[in-house]
Amino acid sequence: MTVALMIVGGYALAGCAAGPPVPPVAPSRVTEAPTASARPSPQASVGAKGRDQVDIYAADRPGMLSPVVKGFRSLVYVPNSESGTVDVIDPETYRIVRHFTVGALPQHVVPSWDLKTLWVNNNRGNSLTPIDPRTGRPGRPVPVEDPYNLYFSPDGTYALVMAERNNQLDLRDPHSMKLLRSLSLPCRGINHGDFTADGSVFLASCEFSGDLVVLDWRTPSVIRHIHLGHMSMPQDVKLSPDGTVFYIADMERHGVWLVDAATYEVMRFLPTGRGAHGLYVSRDSRHLYVSNRGEGSVSVVSFAKRKVADVWRIPGGGSPDMGGVSADGTKLWLSGRYHGVVYVFDTRDGRVVRTIRVGAGPHGLCVYPQPGRYSLGHTGVFR
């Protein structure tokens, strides 16, 4: 297969007033397209440790709940895209304990950087509905244009709205959601992403044009544009625990791409299953769970061996999509996008222990609270 690379630097900002200056996270590495020799490695940015000692998910172990969330009730929040509602599930009883209406086409439920709020991304409704995780109840919607997905800069300065239909990244105040800056992108359908180990660079996927874009979110600007091919539809993005490799699910290629986190070069492609979509890291940082939406399975990828170690199949098939790992690491919760259900997998043996009926078109469900010091967004990417 052919993977074309083209470097795109200094993309112009859209017509918005510039926001306040952003505090530096680390020495800038990305004012120009970096080279492998000149650019610090993720290991160096994390600290002077051996390669096998670096783990960016070290704060996500079972029981390592932030003091901010320790009083929150454990719940699972399911946005039903087609019915414009959210179902709230008690993970102990597997019963729906609350149901409420939100804006049109809710896509994901996203924990805020400070862990104090959950945001429902009402994509077509052009709003974010806040949820108080202390009570599980919604608040007044905040107007935000085209919020397909939502991330937060590692220093908490910006909310990064993935404006999918507008083909741009909108940088907003993380509390008020006021628009501060916008960055137009050389691709279509920006949707998911993750940050390098030092937090200075954001790699995002563009599903409708088969692209990846590497972004300096502080400038903001495009550092590199990676075209994966016209047959690609990249989805979720996750950085490996050692900070060296980005894994990118590809729904049309039916597997995951491995991209070097220091050079941004495509390393190789790993087949997993039809419709590879969501990516979730196990609580021990050993495995990556890949939801294969087109065949009703989850592939368990070994980070150490970079290959599929196991496959969990839903009896009778299904459409596992987005979700998260329970705080204790024993359950993987995934929405069943085309079946109006939520699947609960036991991560110890891969069995589906519950199938829960919810609204129409369930998508980016959020298990909350989870371990971690702060949230980088999506349905729960914690550091």
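Read the figures in this text as sums done on the coordinates, not as results from a lab. Note that the structure is a prediction, hence the values are computed from the model and not measured. Don't worry about glycine lacking a Cβ; one is built from the backbone with ideal geometry, like all the others, and counts go over all protein chains shown.
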Open item on the list: Let me check I've understood the local charge: for ASP170, count other residues with C-beta under 9 angstrom from its C-beta, Lys and Arg +1, Asp and Glu -1. What total comes out?
Closed with: 0
Task: Per residue, the convex hull volume that the Cα atoms of the stretch 125-196 enclose (Å³) - done: 105
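Tell me whether the stretch 241-284 comes out rounded, prolate or oblate; compute the Cα gyration tensor, take square roots of the eigenvalues as a ≥ b ≥ c, and use a/c under 1.5 as the rounded threshold. Let's see the in-between values first.
Working: a/c = 2.75, a/b = 1.22, b/c = 2.25.
Oblate, because a/c is 1.5 or more while a/b does not exceed b/c.
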- [ ] Taking 7 Å along the Cα-to-C-beta vector as the label spot, tell me the GLU145-ASP328 distance in nanometres, rounded to one decimal.
- [x] 4.7
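Would you mind counting up the charge near LEU228? Only other residues with Cβ under 12 Å from its Cβ, with Lys and Arg at +1 and Asp and Glu at -1. Provide the component values of the computation, followed by the final result.
Details: positive: ARG253; negative: GLU207, ASP211, ASP250, GLU252.
Around LEU228, the charge tally is -3.
So what is the relative contact order of the stretch 163-258, in percent, for Cα pairs below 8 Å that sit 6 or more residues apart? List each step's numbers first, then the result.
Values: 226 pairs, mean separation 17.7, N = 96.
Averaging sequence separation for qualifying contacts and normalising by length gives 18 percent for the stretch 163-258.
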Task: Packing-based ranking, highest mean first, of 134-140, 324-330 given that Cβ atoms within 10 Å are counted - done: 324-330, 134-140
Task: Mean-position separation - Cα centroids, the stretch 150-171 and the stretch 176-247, in angstrom - done: 10
- [ ] Enumerate the lysines that LYS305 could reach by cross-link, defined here as Cα to Cα under 29 Å, with residues fewer than 8 away along the same chain left out.
- [x] LYS49, LYS238, LYS331
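Using 0.36 nm per residue, how much length does the chain from ARG165 to ALA59 gain when fully extended, once their Cα-Cα distance is taken away? List each step's numbers first, then the result.
Details: separation 106, 0.36 × 106 = 38.16 nm, distance 3.44 nm.
Full extension from ARG165 to ALA59 adds 34.7 nm.
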Task: Protection proxy ranking of 159-166, 80-87 - average other beta-carbon atoms within 10 Å, highest first - done: 159-166, 80-87
Task: Option label - Cα Rg over 2.2 N^0.38 Å computed here, alternatives (1) 1.07; (2) 0.90; (3) 1.02 - done: (2)
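Taking 0.36 nm per intervening residue step and subtracting the Cα-Cα distance, what contour gain separates LYS178 from ALA360 on full extension?
Full extension from LYS178 to ALA360 adds 62.4 nm.
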- [ ] Between beta-carbons, use under 11 Å as the cut-off and find the net charge around SER299, counting Lys and Arg +1, Asp and Glu -1.
- [x] +1
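Taking the Cα centre of the chain as origin, work out the dipole magnitude from +1 charges on Lys and Arg Cβ and -1 charges on Asp and Glu Cβ, in debye rounded to 20.
Details: 40 positive and 34 negative charges, 125 e Å.
Once rounded to the nearest 20, the dipole reads 600 debye.
Ranked by Cβ crowding within 10 angstrom, fewest neighbours first, how are TRP113, TRP257 ordered? Walk me through the numbers on the way to the answer.
Values: TRP113 22, TRP257 25.
Ranking TRP113, TRP257 by Cβ neighbours within 10 Å, fewest first, gives TRP113, TRP257.
Based only on other Cβ atoms within 10 Å, what is the fewest-to-most ordering of HIS277, HIS175, HIS254? Intermediate values should be presented prior to the final figure.
Details: HIS277 25, HIS175 14, HIS254 17.
Result, fewest neighbours first: HIS175, HIS254, HIS277.
Report the relative contact order of the stretch 55-368, percent, no decimals, based on alpha-carbon pairs under 8 angstrom and at least 6 residues apart. Could you put the intermediate results ahead of the total?
Details: 923 pairs, mean separation 39.9, N = 314.
Here the relative contact order equals 13 percent.
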TODO: Arrange the peptides 89-95, 194-200 so that the one whose residues have, on average, the most other Cβ atoms within 10 Å appears first.
DONE: 194-200, 89-95
